[in-house]
Ligand SMILES: Cc1ncc(COP(=O)(O)O)c(C=O)c1O
C-alpha cells in the first residue's frame, strides 16, 4: 500500500542534469558558471564564526535583503530571499495557486514547471513557441482562454536563449488578470545594449513577480540562494505565512550578501561569458550545426539528422564532455550547451569536429 498522495504517486520527479565531481570532465550541461565566486565571497566564508552556527540565522535574512534592495533600487520589503530560485517557484505555487487552478508557461521552457504543478496537484497549460522560438502572435489570447491563475515566463528563455522585451511583458501583465512570474535566472547574461530592465515594472504592476538566482552569474549554484522581487503585497504572504521560518541559513546569507556587494566581479565574468558565447556560436556554426542567438549563458544547437543529437551527446559523454540532451518534442534534434571557459569551449569544438567530420 502506498502512503503517497494520489498526485504524487502518479507523477515523475524532475530529472536534473548529471552532476560529477570528476576533475577531468568538461561540464557544460547545467548552465553553471565556469569561473569561481568573487574573492569577497571567499573572504566571507573564511570569516564565518563557527560559534554563530549554534544560533538560528536571521529569520528575515536582513543583511541580504538590504544588499538586494541597494542593488535593485527597491525597498527591502520588496525582496524575499529563498533557498535557490527553485524554492521561490514552489512558494509561489503554494501561496497563490489553488488545486483547481491552472498555471501557464511556454513550451519549451524550464522542465521543472510541470513537475511543480504535479506536486501542487494543479493543472497546467503549455503554450507552444513558434519554430524560431518567438512568441505566437495570439499568445495573450491563448493565455486568457486558459483562464490561468499564474503565468511563468523564463526570460531569457531556457532552453532557447530568446529574450522578450520588457514592454511586451508589461503588455502581458496589463491584459492578463492573473500573476506573471518572470523567471530571470539568466538575465545577467543579456547584452547590456538591449537595455532590458523589468525591475521597474514591479512598481507599476502589482501582478508581476521576478525571480533571480545567485546560481548562474554569481557562480554560486552550490550555495542554493535565490530571491524574489515584487510589490510588497505579493512578497508579504510568502515572507510571513508560507516559507519556512529559517529558509536560508547563516552561511548562505553571509556569502550571498558578499556576492551582491561585489556584483562588479560577477558583471566582469558575464562580459567574458558573453564574448565566449559569440565565439562558440560562430565556431559551432562553422561545423554545420545551427545555433540561434542566445541572451543566456548557454546555446541551443540544432544538430543535422545525419549526425544525430542524441548520438553526438553520447559520443561527447564518452570523451568526458557533458552537454544537455532533452528527450522532448522539438528538442530531440538539439543539444543545449553551457558556455565554459575558452579552453573548455575549444576542447568541445575539437571533439565535435573530430566526431562529425570523419
Ligand atoms: C529557468 C530557471 N529558473 C530557475 C532556476 C533555479 O535555479 P536555482 O534553484 O539554482 O536558483 C533554474 C536553474 O537551472 C533555471 O534554469
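The values are calculated or read from the model by the stated rules, or taken from the named source; none is laboratory data. The model shown is predicted, which means the values in this text are computed figures rather than measured ones. FYI the Cβ positions are ideal-geometry reconstructions off the backbone, even for glycines, and counts take in every protein chain you see.
For the stretch 25-48, how many residues meet the condition of being surrounded by 11 or more Cβ atoms within 10 Å (Cβ to Cβ) and outside any loop (DSSP other than H, G, I, E, B)?
Of the residues in that region, 9 qualify.
Taking the stretch 227-259 only, how many residues are over 18 Å from residue 58 (Cα atoms) and under 19 Å from the mean Cα position of the chain (by Cα)?
Final tally of qualifying residues: 2.
Considering each of 112, 45 in turn, give the residue that is in contact with a helix residue (DSSP H, G or I) (Cβ under 9 Å, 6 or more places away or on another chain) and under 25 Å from residue 326 (Cα atoms).
After ruling out the rest, the residue left standing is 112.
The rows are residues; the columns are (1) more than 16 Å from the ligand (Cβ to nearest atom); (2) farther than 30 Å from residue 277 by Cα; (3) modelled with pLDDT under 95.
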| site | (1), (2), (3) |
| --- | --- |
| 22 | yes, no, yes |
| 57 | yes, yes, no |
| 68 | no, no, no |
| 75 | yes, yes, no |
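Can you tell me how many residues in the stretch 207-248 are in contact with a helix residue (DSSP H, G or I) (Cβ under 8 Å, 6 or more places away or on another chain) and closer than 30 Å to residue 341 by Cβ?
Counting residues in the stretch 207-248 that are in contact with a helix residue (DSSP H, G or I) (Cβ under 8 Å, 6 or more places away or on another chain) and closer than 30 Å to residue 341 by Cβ gives 17.
Return yes or no: is residue 319 touching a helix residue (DSSP H, G or I) at 6+ places or on another chain (Cβ under 6 Å) and surrounded by fewer than 22 Cβ atoms within 10 Å (Cβ to Cβ)?
Yes: the conditions hold for residue 319.
How many of the residues making up the stretch 94-132 are crowded, with 17+ Cβ neighbours inside 10 Å and part of a loop (DSSP other than H, G, I, E, B)?
Of the residues in the stretch 94-132, 8 are crowded, with 17+ Cβ neighbours inside 10 Å and part of a loop (DSSP other than H, G, I, E, B).
When you go through 185, 173, 147, 162 one by one, which is the residue that is over 29 Å from residue 9 (Cβ atoms), in contact (Cβ under 8 Å) with a residue 40 or more places away in the chain and touching a strand residue (DSSP E or B) at 6+ places or on another chain (Cβ under 7 Å)?
185
Say we look at the stretch 147-167 and pick out the residues that are away from the ligand (no atom under 14 Å from the Cβ) and closer than 23 Å to residue 299 by Cα; which of these is surrounded by the most Cβ atoms within 10 Å (Cβ to Cβ)?
Out of the qualifying residues, it is 166.
Hey, can you tell me all the residues within the stretch 97-126 that are free of Cβ contacts under 8 Å to residues at least 24 places away in the same chain and under 18 Å from residue 207 (Cβ atoms)?
125
Does the stretch 188-206 contain at least one residue that is near the ligand (Cβ under 10 Å from one of its atoms) and out of contact with any strand residue (DSSP E or B) (no Cβ under 6 Å at 6 or more places or on another chain)?
No, the conditions are met nowhere in the stretch 188-206.
Run down 289, 209, 255, 223 and say which single residue is within 16 Å of the ligand (Cβ to nearest atom) and either surrounded by fewer than 15 Cβ atoms within 10 Å (Cβ to Cβ) or within 22 Å of residue 29 (Cβ to Cβ) (or both).
Testing whether each residue is within 16 Å of the ligand (Cβ to nearest atom) and either surrounded by fewer than 15 Cβ atoms within 10 Å (Cβ to Cβ) or within 22 Å of residue 29 (Cβ to Cβ) (or both) leaves just 223.
Of all residues in the stretch 335-358, which are out of contact with any strand residue (DSSP E or B) (no Cβ under 8 Å at 6 or more places or on another chain) and surrounded by fewer than 21 Cβ atoms within 10 Å (Cβ to Cβ)?
341, 342, 343, 346, 349, 350, 353, 354, 355, 356, 357, 358 - these are the residues of the stretch 335-358 that are out of contact with any strand residue (DSSP E or B) (no Cβ under 8 Å at 6 or more places or on another chain) and surrounded by fewer than 21 Cβ atoms within 10 Å (Cβ to Cβ).
Being farther than 24 Å from residue 197 by Cα, within 20 Å of the chain's Cα centre (by Cα) and in the same structural domain as residue 232 (by TED's automatic domain parsing): is that true of residue 94 here?
Against the criterion (farther than 24 Å from residue 197 by Cα, within 20 Å of the chain's Cα centre (by Cα) and in the same structural domain as residue 232 (by TED's automatic domain parsing)), residue 94 qualifies.
Has the stretch 77-93 got at least one residue that is part of a loop (DSSP other than H, G, I, E, B), within 13 Å of the ligand (Cβ to nearest atom), touching a residue at least 60 places away in the same chain (Cβ under 8 Å) and crowded, with 16+ Cβ neighbours inside 10 Å?
Residues of the stretch 77-93 part of a loop (DSSP other than H, G, I, E, B): 83.
Now drop any that are not within 13 Å of the ligand (Cβ to nearest atom), which leaves 83.
This time we only want the ones that are touching a residue at least 60 places away in the same chain (Cβ under 8 Å), so: 83.
When the remaining residues are screened for being crowded, with 16+ Cβ neighbours inside 10 Å, the result is 83.
Yes, the stretch 77-93 has at least one match.
Which residue, of 332, 324, is surrounded by 14 or more Cβ atoms within 10 Å (Cβ to Cβ) and either touching a residue at least 24 places away in the same chain (Cβ under 8 Å) or not assigned by TED's automatic domain parsing to the domain that holds residue 109 (or both)?
324
Output the residues belonging to the stretch 6-24 that are in contact with a strand residue (DSSP E or B) (Cβ under 9 Å, 6 or more places away or on another chain) and either surrounded by 16 or more Cβ atoms within 10 Å (Cβ to Cβ) or not assigned by TED's automatic domain parsing to the domain that holds residue 341 (or both).
Answer for the stretch 6-24, where residues must be in contact with a strand residue (DSSP E or B) (Cβ under 9 Å, 6 or more places away or on another chain) and either surrounded by 16 or more Cβ atoms within 10 Å (Cβ to Cβ) or not assigned by TED's automatic domain parsing to the domain that holds residue 341 (or both): just 17.
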